[in-house]
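Colleague: My questions all concern the structure below.
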Amino acid sequence: MNLQEQEARYIINTYNRQPGKTLLIERGEGALVWDDTGRQYLDFVGGIAVNVLGHCHPAVVKAIKEQAARLLHASNLYYTGPQIELARLLVENSCAGRVFFANSGAEANEAAIKLARKYGRGRYKMVAAYRSFHGRTLGALSATGQQKYHKGFEPLVEGFSFAHFNDLASFAGLIDEQTAAVMIEPVQGEGGVYVAEAAFLRGLRDLCDRYGALLIFDEVQCGMGRTGKLWAYEHWGVEPDIITAAKGLGGGLPIGAMMAREEVAAAFQPGDHASTFGGNPVACAAARAVLETLLEPSFKAEVAARAQIWNEKLERLAAAHPDLIAEKRGMGFMNGLELKEPLAQEAQRRCQELGLIVNAAGERVIRLLPPLIATEQQLDQAAEILDQVCRALEERGEGSI
Ligand SMILES: Cc1ncc(COP(=O)(O)O)c(C=O)c1O
């Protein structure tokens, strides 16, 4: 049996892999990956927003190697250096006062939901947005405003309700004295790359303050430099009470973080929450290398300049294909091209044939998540492939798309 056949035989069938078309990725370096036939691709999915520094960034690999040779794991019954140093770095570079480490985005959100309930002393209502995605564990799933993910798993956790993203009145109608928290992605990712409006986030902050509810920003996808700033909320200057992070944090290793304001964090006491692997030394050493790289002033300036070039290219692409592309959304290195027809899968397939890996978020949105280290030349190359695919799709539709 080849690997694909073994996968079909041995792995539980939860992932939509396309037989015959699914790549078997063997190696990665920077913005590039190679499949098992040795073919090279530009990777603009990056593990779905994980590889912010690209594949096998030298600083991350070095940190992992050094830490792996020293200590792979120790229980949270004891102190380990990388965990504490990473927490300090996160606190010094965010509005949070303390950190809890988990192993994934969903787990970071579970921790946030539990902390909001504990802090709320009996409050358990939570308001989230339609189109949101917060993860697959039962609490995070209950906060996810997309019915397709709920199907088959009801009854979900009690207390969650949904309002429309960027529609303050819709949230205002659901928040009251029983609300423990409002949970929002400042830039919705899986839902199709929708950016929050400043007035919406400010309004949510005011509503939460008025009713004594916590404001949770899920920055699992849009955090860690993805939008051009370390945390997306910095674009609007609206500070949440809790931030969750994962994906890009570990540079490719599994780690999640739930960060909270000091006073909110104090609601958790020993025994309230825990994770065997949370704060694992190797994952934390990798995350520290990622953060230190992202925080270097020269790196930040370069990323900002290339992000601007990339966004302008995408604007031009959308303007050149008005019959195909309805809208370019997003910021920094987190963008979506909304198509007028449900052709995102087809576009994804064609891009891959031409050596560019992109992701279809739903039927109509091409999601682009290049690493922050993608060179100008690589961004150019990607824009050219996208242009070529758009032209091919237009020709196929002969003006009818
Ligand atoms: C915004 C957001 N929150 C949470 C998650 C869940 O993260 P994980 O898959 O690491 O559990 C995701 C994953 O796509 C996400 O995009």
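Colleague: Please name whichever of Thr276, Ala360, Gly256 sits farthest to the positive end of the charge dipole of the chain, dipole taken about the Cα centre and charges placed at Cβ: Lys and Arg +1, Asp and Glu -1.
Modeller: Farthest towards the positive end: Thr276.
Colleague: Oh, and also: Could you tell me how far the Cα centroid of segment 229-274 sits from the Cα centroid of segment 277-295, in Å?
Modeller: So the separation of the two Cα centres works out to 14 Å.
Colleague: Would you mind telling me the antiparallel percentage of the DSSP bridges in segment 58-295, rounded to 5?
Modeller: Of those bridges, close to 40 percent are antiparallel.
Colleague: Still on this structure: Considering only DSSP beta bridges with both partners in the chain, what is the antiparallel share in %, to the nearest 5?
Modeller: The answer is about 65 percent antiparallel.
Colleague: I'd like the chymotrypsin sites (Phe, Trp or Tyr not before Pro) in segment 94-155 restricted to DSSP loop residues with at most 11 other Cβ atoms within 10 Å, sorted by number.
Modeller: Phe153
Colleague: Which residue fluctuates most in the GNM of the chain (Cα springs below 10 Å): Thr244, Thr37, Thr80?
Modeller: Of Thr244, Thr37, Thr80, the most mobile in the Gaussian network model is Thr37.
Colleague: Taking the Cβ-Cβ separation of Ala169 and Asp323 as r and a Förster radius of 22 Å, what is the calculated FRET efficiency to the nearest 0.05?
Modeller: Calculated transfer efficiency: 0.05.
Colleague: Mean-square fluctuation check for the chain, GNM, Cα pairs under 10 Å: which of Lys21, Lys114, Lys300 is largest?
Modeller: Lys21
Colleague: Now for a different question. Could you look at segment 167-262 and say what percent of its accessible area is carbon and sulfur, using a 1.4 Å probe and all protein chains?
Modeller: Of the solvent-accessible surface of segment 167-262, carbon and sulfur hold 46 percent.
Colleague: Right, here's the next one. In what order, largest first, do Asp272, Asp35, Asp323 sit by accessible area if the probe radius is 1.4 Å? Let's see the in-between values first.
Modeller: Numbers: Asp272 45, Asp35 15, Asp323 90 Å².
Correct descending sequence by accessible area is Asp323, Asp272, Asp35.
Colleague: Which whole-number percent is the relative contact order of segment 58-295 (Cα, under 8 Å, 6+ apart)? Display every interim value, and only then the final one.
Modeller: Working: 486 pairs, mean separation 73.1, N = 238.
Here the relative contact order equals 31 percent.
Colleague: So, in Å, what gap is there between the alpha-carbon centers of segment 26-64 and segment 331-391?
Modeller: Each part's Cα centre sits 17 Å from the other's.
Colleague: Choose one of Ala8, Asn51, Gly192: the residue whose Cα lies farthest towards the positive end of the charge dipole of the chain (beta-carbon charges +1 Lys, Arg; -1 Asp, Glu; about the Cα centre).
Modeller: Ala8
Colleague: With a Förster radius of 25 Å, plug the Cβ-Cβ distance of Asn93 and Glu376 into 1/(1 + (r/R0)^6) and report the FRET value to the nearest 0.05.
Modeller: The calculated FRET efficiency here is 0.40.
Colleague: Could you please state, rounded to a whole Å, how far the C-alpha centre of segment 207-224 is from the C-alpha centre of segment 159-198?
Modeller: Their Cα centres are 9 Å away from one another.
Colleague: Let me ask something additional. If Arg306, Arg364, Arg226 are ordered by their accessible area, calculated over protein heavy atoms with a 1.4 Å probe, which sequence runs from highest to lowest?
Modeller: Working: Arg306 30, Arg364 90, Arg226 0 Å².
If we order Arg306, Arg364, Arg226 from most to least accessible, we get Arg364, Arg306, Arg226.
Colleague: A further question follows. Using 0.36 nm times the number of residues separating Arg17 and Glu263, minus their current alpha carbon distance, what extension gain do you get? Before the final figure, lay out each step's value.
Modeller: Numbers: separation 246, 0.36 × 246 = 88.56 nm, distance 4.47 nm.
Full extension from Arg17 to Glu263 adds 84.1 nm.
Colleague: What FRET efficiency, computed as 1/(1 + (r/R0)^6) with R0 = 25 Å and r the Cβ-Cβ distance, is obtained for Leu72 and Ser298, rounded to the nearest 0.05?
Modeller: Using R0 = 25 Å, I get an efficiency of 0.15.
Colleague: Pairs Lys148/Lys229; Lys21/Lys328; Lys229/Lys340; Lys65/Lys229; Lys62/Lys300: which are spaced more than 23 Å apart, C-alpha to C-alpha?
Modeller: Distance filter (> 23 Å) returns Lys148/Lys229; Lys21/Lys328; Lys229/Lys340; Lys65/Lys229.
Colleague: Please work out how much accessible surface Asp167 shows to a 1.4 Å probe, ignoring ligands, DNA and RNA, in Å² rounded to 10.
Modeller: Solvent-accessible area, nearest 10 Å²: 60 Å².
Colleague: Name the most mobile residue of Gly212, Gly332, Gly54, meaning the one with the largest mean-square fluctuation, in a Gaussian network model of the chain with Cα contacts below 10 Å.
Modeller: Checking each option, the largest mean-square fluctuation is seen for Gly212.
Colleague: Could you work out the helix-only [θ] at 222 nm for the chain, with each DSSP H run of four or more residues adding -39,500 (n - 2.57) and the total divided by the number of residues, to the nearest 500 deg cm²/dmol? Don't skip to the end; give the middle numbers.
Modeller: On the way: 14 runs with 156 residues, N = 401.
Result for the chain: -12000 deg cm²/dmol, rounded to the nearest 500.
Colleague: If you count only protein heavy atoms with a 1.4 Å probe, what accessible area per residue comes out for segment 58-295, rounded to a whole Å²?
Modeller: 42
The values are calculated or read from the model by the stated rules, or taken from the named source; none is laboratory data. Here the structure is a predicted model, which is why all the values come from computation and not from measurement. We place every Cβ from the backbone using ideal geometry, glycine too, and count neighbours over all the protein chains shown. Remember, those area values only see protein heavy atoms, side chains included, never the ligands or the DNA or RNA. Shrake-Rupley method; radii C 1.70, N 1.55, O 1.52, S 1.80 Å.
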